[in-house]
Amino acid sequence: MKPKIKVEDLAKALQGIESDRQLSKDIVEDALKEALTKAYRRHIDIPEVQVRVDIVDGTIHIYHERVVVEEVEDDELEVQLDEIQNENPNIKIGDIVDEEVDFKDFDRAAVVLAKNVMKQKIREAEKAQVYEEYCDKVDEMVLGTIETVEEKFVIVNIGKTLAVMKKSAQIPTEHYKEGDNILVVITEVNKETKGAQVLVSRATPVFVRRLFEREVPEIYNGIIEIKAIAREAGERCKIAVYSHNENIDPIGACIGPRGSRVQKIIEEF
C-alpha cells in the first residue's frame, strides 16, 4: 500500500504557502492538481499521457490512466482488452482504467517542475484575488502602513496587498518612516503586470476631495459640491465649492467652527 500524501504537507513542500495568503482551499487544490499532472508527465517523459489527480478528505491520489483497446500500440497510453478482462469481466473497449502512482517516486526534475508550476499558479491566483479586491476601489481613500521607504518609491501595506507610492505620487515636503500609518488614494489597479498591482498617491487632487468628504459631512452628503480642485502638492491648494442649499454657506462649512475642519485637512496635505 502506497503511503498517502496530505494536501497541506505537499502544498507546503512545493510552495511554502504562508497562512496570511488566505487562498481558498479550491485554489490550492487546483494548483496542486495541475502541478502534479505536469510533474508526472515529465517524470515518465510522455507529454500526452492521461493523468488524474483526486483529492479525497485532504489526501492526494495520482492516477496514470489508460484506454482499453483491442490491440495495444502504446502501453503507456493503452491497455489490451483481454488482459484487463481477467481482472474486470465487465470492462469494454473505450473504457478508462487507472493505476495509482506515488509522488515520492518522482525524479528531481519532475519535483522541480511541480514546484515551478505551483508557484506560477499561486501567483496567478494571488494577482486575481488582489485585482478582485481592489478593482472597484480606484479613487477611494484607505489607511495603510508604510512597510518600506526607498529613494524612488514607498511600499504601503493597505490590508490585502502591498501598494506602491511612486515619487511623483508623494508630497515633496513629507518624510516617510517605516511603521507609520498613512492615508492614501488608490489610483491604479493592474491585473496583468510583473510589478506592483496597486498604485497609491497622496499628491492627486482626488486625495484632497476625499479629505474634504471625510471632514465635511455636507460634502459627503452632496449638499455642498466641489466644483474644481487646483493643487500643487505640499505647496498650495485651491478648491471651488457650491452649496445646493441656500441656507448653508459652503466656505464656512468647509472651514468649520474655529477652522477645525479645514485644519484637519491641512495637516494631511
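The values are calculated or read from the model by the stated rules, or taken from the named source; none is laboratory data. Source: prediction; values computed, not measured. Cβ sites come from the backbone with ideal geometry, for glycine too, and all protein chains shown count toward neighbours. Surface accessibility is based on the protein's heavy atoms, side chains included, excluding ligands, DNA and RNA. Shrake-Rupley method; radii C 1.70, N 1.55, O 1.52, S 1.80 Å.
Straight-line reach from residue 127: which aspartates and glutamates fall under 19 Å, measuring Cα to Cα and dropping same-chain residues less than 8 apart? Candidates past the 8-residue exclusion: 18, 20, 26, 29, 30, 34, 136, 188, 192.
The slack between residue 247 and residue 76, meaning 0.36 nm per residue of separation minus the straight C-alpha distance, is 53.1 nm. For the stretch 110-172, the equivalent ellipsoid derived from the alpha-carbon gyration tensor has semi-axes of 29, 16, 9 Å in decreasing order. In a reduced charge model with +1 at each Lys and Arg Cβ and -1 at each Asp and Glu Cβ, the chain shows a dipole moment near 2260 debye about its Cα centre.
Longer than 20 Å from Cα to Cα, which of 38/92; 160/194; 137/177; 25/121; 38/191 are they? Say none if no pair is.
Beyond 20 Å: 38/92; 137/177; 38/191.
A P(r) calculated from all alpha carbon pairs of the stretch 61-217, with 10 Å bins opening at zero, reads 9, 25, 18, 12, 11, 11, 10, 4, 0 percent. Per the Debye calculation on the chain with a single equal scatterer at every Cα and no solvent contribution, log₁₀ I(q)/I(0) for q = 0.08, 0.09, 0.15 Å⁻¹ amounts to -0.56, -0.63, -1.08. A viscosity of 0.890 mPa s and a temperature of 25 °C, combined with the Kirkwood radius over C-alpha pairs in the Stokes-Einstein formula, give the stretch 143-269 a diffusion coefficient of 156 µm²/s.
Qualifying trypsin sites (Lys or Arg not before Pro) in the stretch 193-269, where qualification requires a DSSP coil assignment and no more than 11 other C-beta atoms within 10 Å, comprise 194.
Computing the accessible area with a 1.4 Å probe over protein heavy atoms, can you report the carbon and sulfur percentage for the stretch 53-141? Carbon and sulfur together cover 41 percent of it.
Label reach from residue 30 (point 7 Å along Cα→C-beta): in the stretch 125-143, amide nitrogens under 20 Å belong to 125-136.
Taking N as the number of residues in the stretch 30-145, what is its Cα Rg relative to 2.2 N^0.38 Å? Here the Cα radius of gyration is 1.53 times the empirical estimate.
Summary: within the chain, the longest segment free of GluC sites (Glu not before Pro) located in DSSP loops with at most 11 other C-beta atoms within 10 Å is 88-149. A convex hull fitted around the alpha carbon atoms of the stretch 64-132 yields 147 Å³ per residue. Computed over the stretch 31-87, the range of Cα coordinates on each principal axis works out to 36, 26, 12 Å, biggest value leading.
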